[in-house]
Amino acid sequence: MPAELAMEPLSPVQPLIGENIDLPRPCGGGAQLPADVPERLAARGQETVLLVDDDPAVLNLVVRMVKAQGYTVLAAGSPGEAVSLAREHASEIHLLLTDVVMPEMNGQTLAQKLVALYPRLKRIFMSGYTADILGPHGVMEEGVHFIQKPFSGKELVAKFREALDSGSG
């Protein structure tokens, strides 16, 4: 086989969401990376995220989506569990992603409790409810990060970066 057609061993490529895919790469220095690779790599997270949702199916799905992007995940099925996890966690928690309407306490109240423990905590609220239902919960105020359920992994990662890279909580 001519040298220019020789192939290097398979190399892992991490897609935006999903499993590793092994693709052959041509040998030699002529191969160029796609233009969006640096942007996709930059979107991968290294922060710690506390996820809170009282629906186990939603929580498990979001945990998988977030872990696939490189974030460290603390998952809680209730606000009380989230507060306990936050108190026990030895290092910084960078982001809270919480459902708005939950038994025990709403997402806004939970966020206030957690900000007392982690003053620089960024917050994103999520809900399947409409804006008129959520109004009393304080999540529709200007400057509050909100994502409407259902959402895609791409939308969630974009919202994470928006919140984490912003100056406000």
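Annotation: the range 39-164 has a Kirkwood hydrodynamic radius of 14.4 angstrom, from the mean reciprocal C-alpha pair distance. Packing around the peptides 61-72, 144-155, taken as the average count of other Cβ atoms within 10 Å per residue, puts them in this order, highest first: 61-72, 144-155.
Full extension of the chain between residue 155 and residue 47 gives 37.1 nm of extra length, using 0.36 nm per residue less the Cα-Cα distance. The lysines within cross-link reach of residue 67, meaning a Cα-to-Cα straight distance under 23 Å and a gap of 8 or more places when in the same chain, are 122, 149, 154, 159. Note on residue 168 and residue 101: the model spin-label points, each 7 Å out from Cα along the C-beta direction, lie 2.4 nm apart.
Only the coordinates and a few stated rules stand behind these numbers; no lab work does. Computed from a predicted model, the values in this text were never measured in an experiment. Cβ: placed from backbone, ideal geometry, glycine included. Neighbour counts: every protein chain shown.
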